[in-house]
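Worksheet for the structure shown next.
The values are calculated or read from the model by the stated rules, or taken from the named source; none is laboratory data. In this text, all values refer to a predicted model and were calculated from it rather than measured experimentally. Backbone-built Cβ (ideal geometry, glycine too); neighbour counts: all protein chains shown.
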Amino acid sequence: MGQTQSGTDTEVTLQNIQELYRKFASECPSGNLHLHEFKRIFGINSNSTEEEAAFMDNVFRSFDTNQDGQIDFMEYVAALHLVLRGKLEDKLKWSFKVYDRDGNGCLDRQEVKHIVKIIYKIKKHNNPSITGNIEDICDRIFELVDKNKDCQISLEEFIEGAEKDPWVMDQLKLDIGPCDWFIGQHEKNP
C-alpha cells in the first residue's frame, strides 16, 4: 500500500472545503447525516439482516465522534480524510473501533466471529466461489494474532497482526461501501 503522498496531495484548501460543504449540504440538507440516511446510502433496508444493520450502526457510531447521533460536517470531513487519505495504522485503529462492539478495548472470539462472518458475506456476495469455514478462520486469526494467548485481541495485537500477515489483513479488511460513496461525493461535479 503506497503510503507516501506529496504535499499538494495532502493539503486541504479553502476551495476544497467549500466544495465538500456544498456536496454535504446537497446530500444532507438538515446539515447532519442521520443514521437512517447513512444506512440508506449503504443499502441497509428492511431486507437486510439484523447483523448487517448492527454492523452499520457501529460504523456510523465510529464516525459520530461526539456521539450526538448524527454526523455533522466536521465529522464528515474527518471520515472522508480517513477513508481517502488515512494511513494504514489509522484505518486499522478505526476498523478495530468498529469491530469492538462492547467498547472494552479488546476483541473477544464472539466479536471476531461476528466481523469475519460479515466480511465473509460481503466477499461471498462479490465472489460466490469463495469458500471457508468461519470457525476455522477465527481459530487461525487467534492463533496468529493473539500473542499472549489470553483469548482476546488487543489493539496492538490487531495492528501488528494485520500489518505482518497479508492473510490476516485480508480476513479483517473492512472493505465496504463507504469508500465508494465518499469517493463519489468527493469527485462529483457541483
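Select the helices (runs of 4 or more DSSP H) contained entirely in segment 87-158, then report the ones holding at least 3 residues which are within 21 Å of Phe60 (Cα to Cα) and either touching a residue at least 12 places away in the same chain (Cβ under 8 Å) or touching a helix residue (DSSP H, G or I) at 6+ places or on another chain (Cβ under 6 Å) (or both). Spell out how you get there, then give the answer.
Details: elements: 88-99, 109-126, 134-145.
The qualifying helices (runs of 4 or more DSSP H) are 88-99, 109-126.
Specify the residue that is surrounded by the fewest Cβ atoms within 10 Å (Cβ to Cβ); the eligible residues are those in segment 92-138 that are closer than 15 Å to Ala162 by Cα and of a type in the set (Lys, Arg). The selected residue is Lys97. Report yes if some residue within segment 64-75 is part of a helix (DSSP H, G or I) and modelled with pLDDT under 90; otherwise report no. Within segment 64-75, not a single residue is part of a helix (DSSP H, G or I) and modelled with pLDDT under 90. The one condition from (1) more than 26 Å from Asp150 (Cβ to Cβ); (2) at pLDDT below 90; (3) not charged (D, E, K, R) that Leu88 does not meet is (1).
Of all the numbered requirements in (1) under 15 Å from the mean Cα position of the chain (by Cα); (2) modelled with pLDDT of 80 or more; (3) among the aromatic types (Phe, Trp, Tyr), Tyr21 misses one, and that requirement is (1).
Checking each residue in segment 29-62 for being without any contact (Cβ under 8 Å) to a residue 24 or more places away in the chain and buried (at least 18 other Cβ atoms within 10 Å of the Cβ) picks out Lys39, Ile44, Met56.
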